[in-house]
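The values are calculated or read from the model by the stated rules, or taken from the named source; none is laboratory data. Bear in mind that the values here come from a model prediction, so they are computed numbers and not experimental data. All Cβ positions, even for glycine, are placed from backbone atoms using ideal geometry, and neighbour counts span all protein chains on display. Each accessible area value is taken on the protein alone, full model and side chains, heavy atoms only, with ligands, DNA and RNA left out. Shrake-Rupley method; radii C 1.70, N 1.55, O 1.52, S 1.80 Å.
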Amino acid sequence: MNEITKAYLPNEVESEIAQKWAAAELGHAVGKVKKNVFTMMMPPANVTGALHLGHAITLTIEDILARFERMKGKDVLWLPGTDHAGIATQNVVEKRLLEKGISRDNLGREKFVEKVWEWKDKYHARISDQIKKMGASCDWSREAFTLDDDRSAAVTHAFVELYKKKLIYRDKKLVNWCPRCQTVLSDIEVEHREEEGNLYFIRYFVSATDRSICVATTRPETMLGDTAVAVHPDDRRYQDFIGKTLILPIVNREIPVVADARVDPKFGTGAVKITPAHDPLDAEIGRTHKLPSIVVIGPHGKMTKHAGRRFVGMPLHEARKAVVKYLDDIGNLEKIEKHAHSVGHCSRCDATIEPLESMQWFVKMQPLAEKALKIVKKGQIEFVPARFEKEFTRWLDEIHDWCISRQLWWGHQLPVWYCKKVPEFADKKNKKKEGCQRMIVSETPPKKCPTCGNLSLVRDADVLDTWFSSGLWPFATLGWPKNTKDFKTFYPNSVLETGYDILFFWVARMVMLGAEFTGKAPFKTVYLHGLVRDEQGRKMSKSLGNGIDPLAMIEKYGTDALRLSLVVGSTPGTDLKFSETKVTGQRNFVNKLWNASRYVFGVLGDKKIEIPSDPAPHGLPDRWILSRLNRLILEANQSFEKYAFGEAAAKIQEFVWSDFCDWYLEITKDTPNKKLLAHVLAQILRLSHPFIPFATEKLWEKFFPNAKKPKLLATEKYPRSLKAHINPKIEEEMQIVIAIISAIRSVRNEMNVEPARQIAAVVYAGKFEPFLKKQSSEIKKLARLSSLVVKKSGKKVENAVAKFEAGLEIYLPLAKLLDPKVEKKRLKADLKETEIYLAVIQKKLANEDFTARAPKNVVDAERAKLQFVEEKIQKIEERLKILK
RNA sequence: GGGUUUGUAGCUCAGUUGGUUAGAGCGCACGCUUCACACGCGUGAGGUCAGAGGUUCGAAUCCUCUCAAGCCCACCA
């Protein structure tokens, strides 16, 4: 017996179906010919992370695409992978080790990295399992990791190539330093937030006079490192001061007053203290005026010895208090005002970012951005939604150099070595010759210094920004820089799907590096999904405690329900408000589909079933469902074409629940057309498979109860519309049938007719009479009628409830049940509503401009409506007369 | 400061190139053990389409402005 459970039980089904797919190597891409391939790289998940809703939406959308393209007959390569996620992973492992009382420094670099690898191996299995749980039909045989051998080789190659092209350089600059992570960050890894702070006004006196300038600052502690005060060259207030020397309070250092147009005379006092070591603008002004740079804040966020004996070693916030107090004591603090300003935070740990001067590695972005822009402007990359193209190009237009070195241990160590040969005879004569400081950039570790032959070379300790390796992802995953078969077959990628929050972090870098290294756009389409938010539209975060665990949702409602809840009612690039109710709603839908199928299989019986590709319709309902189905197929395919997955899913659901279950199945229950049922159900399963892979695959098995090795639904062909079946006339006729049934049900409800009671009905159907007659048994069943008379027209029916719907006259002779008062009230309400409608139409038609200028078909439609409504009103009025 | 998105029923959202009495789901109300499904079925209530102008015979839809919320970018000390 082909048993199907009454309710869909996702947990059992899912593990069984997942095994089936795995055994069939569903996700495996053939990769023999370049033609007819579809390539998509999974955004590499943080290897130590656990599945969250961001992954869930990514995997859902990508799997929908992959399954759809596969069913369209493409050789689909959806390549999964994980990211070593430099800072994030190092932070996590460090924290765990500290809990055991082990510090990173005690362990040493080599041992620490070993520990991280252990960690990686353990958690890699977890995230991979979770990806599988989502139903992801990706190609595990080609899985990649940003730090595996092939990817590392690609990274080294890319670095060395860029260095050779002079697109990578080393320089001492003011960079973003995270005092907690103890590393520099790139500009986009700094999140700016408006914060309430103070503006401190400090008075600086001109040397040996009692004249003074007042400067305004939000960070008074940096005054210890001031090396000038700047004013706008045209500022009348300060003309006399330019060129003079001021005495820096506390420190008592002499600093000049310089004139610089970058100073805004309207801000504060119009005079700015200049701290080149700790502020980006100050650094620039310092450079133009050749000012010295004094570092008063160290890498741990503590004051350095240059800050003076009194402050050395103090953490920043303490130093601020101390400096302010000191200034106040000596009478140099003018006032303090409240002031909101933007403060940079580390995107990984939220610590306040310190601008520090430091020697780092950078990518020169201008030439790379230009190539990327050219590609986009030529239209070689399509953005979905299109508005992101603008954002993308604007960012590239204003690009800054990318700081790529990180002071971490976990990552791709720079392929850079330094010759540190110490002069054997450190006398003045030999120093130059023997103290070789040669830098070597090489894909393979150099054995000796090419300049001086020294054997003890020291490798640069820094590693690369995680996003450097991710930037190579579309081709490094395919074996690049080797010209592999996969690279030749699957590059460029078809679609890049990810969240819009990493447009600059990731997408832009891939486009630039792809253009640079492969000479083409790495993908044809960029699809960006929105962020998943909570019911109130807030970001989900641990601190708010509003996060929903996708795995818990899977446990409770099944993966299919979770997937649907993430796509239905969502549009590309728009944030999605997520809630558990959405998942329950979708669980209900999956169950509905399950039960509709259960019914169909029950009708079909246990015999071997052929699924007919184009079975013959028997009556109006058959023709109608075929018309609706093929219209749906057409629309679903169109929605897919424009990446409107939510729209496609919603249309399918609407069809299944309303057209198929509520009407078709109900109306054909007495005379089911087995072949047609099998066909429609099969098409529904195929259509919805990309969205609801598990339940549909399980149901598909039921078509082949005795087959040893039935074909997978996942490898079926996606339905194509048989347009000949789309028939507006049939749909209109069925609409009349539906209208009659609904009208009778409505009246029954209003008149409180018990559901079980069968009543009689008379319908005067006019031109609809011929086909309605044929449907009378169905109408009787669904409207619970004891008898139904359908005529073109006839005399008034006494003692009956009357309903005028869609040009029909419907009479329900309820005899004793009829209360004239209630019926009168009901008819009057209907009359009133209809009269309002009539007024609207009359007003329109009375407008000569409308009748003269609107297209003829619109005017005609309006006239037809008028007639229709007038007739209805007349009928209601007649009826009311009878009731007196 | 620049850019951008959103504002439609209590909530989440559909509304194609302007032409129906503006739709769906959830929630709500009433009624149903109808033999696929109570994770269900039927019926219903509920909206000045953020506001103000404008274009048009006709605007939720196009234009302008205003208001509100969100996001991105920017070196305002």
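Scoring A:Y837 on the criteria (1) in a helix (DSSP H, G or I); (2) among the hydroxyl-bearing types (S, T, Y); (3) open to solvent by less than 80 Å² (accessible area, probe 1.4 Å) leaves a single failure, condition (3).
If you scan the range A:599-634, which residues turn out to be closer than 10 Å to A:N673 by Cβ and buried (at least 17 other Cβ atoms within 10 Å of the Cβ)?
First, pick out the residues of the range A:599-634 that are closer than 10 Å to A:N673 by Cβ: A:603, A:615-619, A:621-622, A:625.
Hits for the range A:599-634 are A:P615, A:P617, A:P621, A:D622, A:I625.
Selection of first residues in the range A:649-673 that are open to solvent by less than 50 Å² (accessible area, probe 1.4 Å) and of second residues that are among the basic types (K, R), restricted to Cβ pairs under 6 Å at least 6 apart or on distinct chains, gives the following pairs, ordered by first then second residue: A:D659/A:R628.
Test A:E731 against the stated conditions and say whether it is farther than 30 Å from A:A66 by Cα, within 16 Å of RNA strand B (Cβ to nearest atom) and without any contact (Cβ under 8 Å) to a residue 60 or more places away in the chain. Criteria not met by A:E731.
From the list A:D486, A:D560, A:D501, exactly one residue is under 30 Å from A:A369 (Cα atoms), of a type outside the set (F, W, Y), within 16 Å of RNA strand B (Cβ to nearest atom) and in a helix (DSSP H, G or I). Which is it? Outline the logic, then answer.
On the way: A:D486 fails: within 16 Å of RNA strand B (Cβ to nearest atom); A:D560 fails: under 30 Å from A:A369 (Cα atoms).
Just a single option satisfies the conditions, and that option is A:D501.
Taking the range A:739-758 as the range and being near RNA strand B (Cβ under 9 Å from one of its atoms), open to solvent by 20 Å² or more (accessible area, probe 1.4 Å) and assigned to a helix (DSSP H, G or I) as the test, the residues that pass are A:S742, A:R745, A:S746, A:N749, A:E750.
Scan the range A:535-546 and tell me whether some residue there is away from RNA strand B (no atom under 12 Å from the Cβ), in contact with a Lys or Arg (Cβ under 8 Å, 6 or more places away or on another chain), more than 23 Å from A:G646 (Cα to Cα) and not in a helix (DSSP H, G or I). Reasoning before the result, please.
In the first step, residues of the range A:535-546 are kept if they are away from RNA strand B (no atom under 12 Å from the Cβ); the result is A:540, A:542-546.
Still in the running and in contact with a Lys or Arg (Cβ under 8 Å, 6 or more places away or on another chain): A:540, A:544, A:546.
Now narrow it down to the ones that are more than 23 Å from A:G646 (Cα to Cα): A:544, A:546.
Filter once more, so that each one left must be not in a helix (DSSP H, G or I): A:544, A:546.
Yes, the range A:535-546 contains a residue that is away from RNA strand B (no atom under 12 Å from the Cβ), in contact with a Lys or Arg (Cβ under 8 Å, 6 or more places away or on another chain), more than 23 Å from A:G646 (Cα to Cα) and not in a helix (DSSP H, G or I).
Among the residues of the range A:472-482, is any open to solvent by 40 Å² or more (accessible area, probe 1.4 Å), without any contact (Cβ under 8 Å) to a residue 12 or more places away in the chain and within 30 Å of A:E69 (Cα to Cα)? The answer is yes, given that some residue of the range A:472-482 is open to solvent by 40 Å² or more (accessible area, probe 1.4 Å), without any contact (Cβ under 8 Å) to a residue 12 or more places away in the chain and within 30 Å of A:E69 (Cα to Cα).
For the range A:547-557, filtered to residues that are within 17 Å of A:S15 (Cβ to Cβ), more than 9 Å from RNA strand B (Cβ to nearest atom) and not hydrophobic (A, V, I, L, M, F, W, C), the residue that is least open to solvent (accessible area, probe 1.4 Å) is A:P550.
The lone criterion from (1) within 32 Å of the chain's Cα centre (by Cα); (2) charged (D, E, K, R); (3) under 30 Å from A:A88 (Cβ atoms) left unmet by A:E357 is number (1).
Yes/no per residue for (1) without any contact (Cβ under 8 Å) to a residue 24 or more places away in the chain; (2) within 15 Å of RNA strand B (Cβ to nearest atom):
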position: A:K338; (1), (2): no, yes
position: A:R348; (1), (2): no, yes
position: A:A351; (1), (2): no, no
position: A:P355; (1), (2): no, yes
position: A:E382; (1), (2): no, no
position: A:A386; (1), (2): yes, yes
position: A:E398; (1), (2): yes, yes
position: A:C403; (1), (2): no, yes
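Does A:Y557 count as touching a Leu at 6+ places or on another chain (Cβ under 7 Å) and not aliphatic (A, V, I, L, M)? Give the steps one after another, and end with the answer.
Details: touching a Leu at 6+ places or on another chain (Cβ under 7 Å): no; not aliphatic (A, V, I, L, M): yes.
No; evaluated as a whole, the condition is false for this residue.
A count restricted to the range A:392-425 and to residues that are open to solvent by 80 Å² or more (accessible area, probe 1.4 Å) and either touching an Asp or Glu at 6+ places or on another chain (Cβ under 9 Å) or within 26 Å of A:F645 (Cα to Cα) (or both) stands at 4. The set of residues from the range A:699-723 being in contact (Cβ under 8 Å) with a residue 60 or more places away in the chain and part of a helix (DSSP H, G or I) comprises A:L699, A:A714, A:T715, A:K723. Of the numbered criteria (1) buried (at least 20 other Cβ atoms within 10 Å of the Cβ); (2) in contact with a Ser or Thr (Cβ under 9 Å, 6 or more places away or on another chain), the one A:E731 fails is (1). Somewhere in the range A:128-135, is a residue within 33 Å of the chain's Cα centre (by Cα), open to solvent by less than 50 Å² (accessible area, probe 1.4 Å) and on the phi > 0 side of the Ramachandran plot? Yes; the residues of the range A:128-135 include at least one that is within 33 Å of the chain's Cα centre (by Cα), open to solvent by less than 50 Å² (accessible area, probe 1.4 Å) and on the phi > 0 side of the Ramachandran plot.
Would you mind finding the one in A:M40, A:M71 that is open to solvent by less than 60 Å² (accessible area, probe 1.4 Å), closer than 30 Å to A:N591 by Cβ and either at pLDDT 95 or above or over 18 Å from the mean Cα position of the chain (by Cα) (or both)? First the steps, then the outcome.
Working: A:M40 fails: closer than 30 Å to A:N591 by Cβ.
After applying the criteria, what remains is A:M71.
So that you can scan it fast, the table gives a plain yes or no per residue for (1) touching a Cys at 6+ places or on another chain (Cβ under 9 Å); (2) within 16 Å of RNA strand B (Cβ to nearest atom); (3) within 19 Å of A:E878 (Cα to Cα):
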residue: A:S793; (1), (2), (3): no, no, yes
residue: A:K796; (1), (2), (3): no, no, yes
residue: A:N799; (1), (2), (3): no, no, yes
residue: A:F804; (1), (2), (3): no, yes, yes
residue: A:K824; (1), (2), (3): no, no, yes
residue: A:K828; (1), (2), (3): no, yes, yes
residue: A:E833; (1), (2), (3): no, yes, yes
residue: A:L838; (1), (2), (3): no, yes, yes
residue: A:Q842; (1), (2), (3): no, yes, no
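More than 11 Å from RNA strand B (Cβ to nearest atom), at pLDDT 85 or above, under 53 Å from the mean Cα position of the chain (by Cα) and under 27 Å from A:K669 (Cβ atoms), is that true of A:E778? Spell out the reasoning first.
On the way: more than 11 Å from RNA strand B (Cβ to nearest atom): yes; at pLDDT 85 or above: yes; under 53 Å from the mean Cα position of the chain (by Cα): yes; under 27 Å from A:K669 (Cβ atoms): yes.
The answer is yes for A:E778.
Checking A:K780, A:K773 one by one, the residue that is assigned to a helix (DSSP H, G or I), open to solvent by 80 Å² or more (accessible area, probe 1.4 Å), in contact with a strand residue (DSSP E or B) (Cβ under 7 Å, 6 or more places away or on another chain) and not polar (S, T, N, Q) is A:K773 and no other. Entry remark, the range A:22-37: residues being on the phi < 0 side of the Ramachandran plot, out of contact with any Asp or Glu (no Cβ under 6 Å at 6 or more places or on another chain) and either assigned to a loop (DSSP other than H, G, I, E, B) or crowded, with 20+ Cβ neighbours inside 10 Å (or both) number 6 in total. Only one of the listed residues (A:R320, A:R287) is in a helix (DSSP H, G or I), more than 11 Å from RNA strand B (Cβ to nearest atom), closer than 30 Å to A:Q407 by Cα and modelled with pLDDT of 90 or more. That residue is A:R320.
Annotation note: Cβ proximity below 7 Å between a residue of the range A:357-372 that is within 14 Å of A:H400 (Cβ to Cβ) and part of a strand (DSSP E or B) and a residue that is open to solvent by less than 10 Å² (accessible area, probe 1.4 Å) and among the small types (G, A, S) (sequence gap 6+ or interchain) occurs for A:Q360/A:S405.
So which of A:A45, A:A66, A:A18, A:A56 is in contact with a Pro (Cβ under 6 Å, 6 or more places away or on another chain) and either surrounded by fewer than 20 Cβ atoms within 10 Å (Cβ to Cβ) or not basic (K, R) (or both)? Give the derivation first.
Details: A:A45 fails: in contact with a Pro (Cβ under 6 Å, 6 or more places away or on another chain); A:A66 fails: in contact with a Pro (Cβ under 6 Å, 6 or more places away or on another chain); A:A18 fails: in contact with a Pro (Cβ under 6 Å, 6 or more places away or on another chain).
When all the criteria are applied, what remains is A:A56.
Pull up the range A:571-584, narrow it to residues that are within 19 Å of A:E641 (Cα to Cα) and near RNA strand B (Cβ under 7 Å from one of its atoms), then point me to the one that is most open to solvent (accessible area, probe 1.4 Å). Looking at residues that are within 19 Å of A:E641 (Cα to Cα) and near RNA strand B (Cβ under 7 Å from one of its atoms), I get A:T571.
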